[in-house]
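What follows is a set of notes on a single structure, which appears directly below.
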Amino acid sequence: MVTVIKTGHSIHRIFNYNENKVKEGVAECVGAGNYPIDTDKMSLSMKLNRFLKQLELNENVKRNSVHISLNFHPTESHLSKEKLLEIAETYMEKIGFGKQPYLVYQHYDAAHPHIHIISIKVRPDGSRIDMNNIGRNQSEQARKTIEKEFGLVNAEAQKKQKNQLNPVSVAKALYGKSQTKMAIQNVLEAVLNQYRYTSLPELNAVLKQYNVIAERGNEDSRVYLHNGLLYRILDADGNPVGVPIKASLFFNNSNLKFLEQKFKENEAKRMPHQARIKNAIDMFLTGKKATLQDLIKALEKQGIHVALRQNDTGFIYGITYVDHQTKCVFNGSVLGKQYSAKAIQERCRQKAVPVQKLPPHSAQEPIGLQPQATAFEAETKAHPKVPQIAAPFREIENLLDALIQTENTSNYLPYQLKKKRKKRRRKNLNNN
């Protein structure tokens, strides 16, 4: 369901618009809210006067009328009038107009089913209804709730599908210059202002995915010398075909001067998004053996296209990453040396480093005296769930024990103490 909200200065104009549709036979007033009687028993003046009487309570409200349309998917033409009225009532309640008088009209003048709701912004107590950001906040929440509650087609999914850009059909574009221009125009509208690129090769990394390329021509050509730009269509092999179109012939800004300005603007805008590509590459290549094609396929699943630049012999001399999720384009060297074409190929050739395992303990105890188990070892043996100490830490523990261990040689005395004791004995003998 798609909602459209408009406000106006005159309830007369909105009311007459819908009633004229009824007279033409392309609309029908199917219901009302907060009216004393049913719509089929009311005259035109009764419908309108209900609004006018309440608007008199606050004549300071200039934009006092509200015109809302609820648009449904073409497959939802089976919705009955009762169901449409129920949807309208739920919607008005959730956006804060549940107690306002409103009329509901079902229109039949479009390929998709839709209804129009007209109401006013003055409450029964004379206060004004604030509609700032109502479309982004209350209306959006109401739409999502109604879609789930009534099982309607999700508008966000439909919008993504509608805005999905498909590659140019070369067969259709080769019929003539007008078809070529129209095909390229559609691609430029979707790419030039949405993606963040900082050079012509980066822009072409995006355009080539839709069979379009931007060219400056040879350095000695008239187009190049006058800072001109040409757009061409590519065939399945990536070769330019058809009639080249000058950038000046497109109604939107697509010339070189415009692109150079975009290059400067996009430089700072794209930088916060480079970590997503780097993390995706590192996460995939860490601890595994993968080919370059494996990496390309893995990144494609995350919405990151990898454009390789190769010469005639197939040597890869450049790599560009196009992130369709963040709409950012990065040359590999911009992300860092390890993300360049050469480094990526080397990282893909590397073998995974095997995990080193400690040798298993021998089941047979070695012959000879063994040191007594420490208190910690006794505890860990008694409780098998406690993790064992790693080998380096065990060595440190044993070293500390050796340093602080008391000596068992009790009959040993330092030389100084022995000497003093002998002197004392001789002194005593002389006194006697």
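Every number in this text was worked out from the coordinates using simple rules, so none of it is lab data. Predicted, not measured: the structure shown is a model, and the values here were computed from it. Here Cβ is always computed from backbone atoms with ideal geometry, including for glycine, and neighbour counts include all displayed protein chains.
Tabulated results
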{"item": "Order of Ser65, Ser199 - criterion: other Cβ atoms within 10 Å of each residue's Cβ, fewest first", "result": "Ser199, Ser65"}
{"item": "Residue-wise HN-Hα coupling along the range 182-192, computed from phi with Karplus coefficients 6.51, -1.76, 1.60 (Hz; x: Gly, Pro)", "result": "5, 5, 5, 4, 4, 5, 5, 4, 8, 9, 4"}
{"item": "Entries of Lys21/Lys99; Lys148/Lys262; Lys148/Lys269; Lys121/Lys262 with Cα pairs more than 32 Å apart", "result": "Lys148/Lys262; Lys148/Lys269; Lys121/Lys262"}
{"item": "Modelled label reach - Lys99, point 7 Å along Cα→Cβ, the range 121-143 residues with backbone N closer than 11 Å", "result": "123-127"}
{"item": "Burial ordering of His273, His78, fewest other beta-carbon atoms within 10 Å first", "result": "His78, His273"}
{"item": "Cross-link pairs beyond the 29 Å C-alpha cut-off, checked among Lys41/Lys144; Lys6/Lys83; Lys41/Lys62", "result": "Lys41/Lys144; Lys41/Lys62"}
{"item": "Table column - 3J(HN,Hα) (Hz), the range 199-215, Karplus curve with 6.51, -1.76, 1.60, x for Gly and Pro", "result": "7, 5, x, 5, 4, 5, 4, 7, 4, 5, 5, 10, 6, 10, 9, 9, 10"}
{"item": "Descending Cα extents along the principal axes, the range 170-268, whole Å", "result": "40, 30, 27"}
{"item": "Charge-dipole axis of the range 2-160 as Lys and Arg at +1 and Asp and Glu at -1 on Cβ define it, positive-most pick from Ile5, Ser43, Ala27", "result": "Ile5"}
{"item": "Residue exposure sequence - Leu70, Leu192, Leu225 - by fewest surrounding Cβ within 10 Å", "result": "Leu225, Leu192, Leu70"}
{"item": "Spatially close lysines, pair count over the range 271-349: Cα under 16 Å, gap of eight or more or interchain", "result": "8"}
{"item": "Separation of alpha-carbon centers, the range 116-150 and the range 44-87, rounded to whole Å", "result": "11"}
{"item": "Straight-distance crosslink candidates among aspartates and glutamates, where the alpha carbon sits under 16 Å from Lys264 and sequence neighbours closer than 8 are dropped", "result": "Glu202"}
{"item": "When the convex hull of its Cα atoms is projected in every direction, mean area for the range 2-160 (nm²)", "result": "9.2"}
{"item": "Sparsely packed chymotrypsin sites (Phe, Trp or Tyr not before Pro) within the range 213-258, loop by DSSP, other Cβ within 10 Å at most 14", "result": "Phe251"}
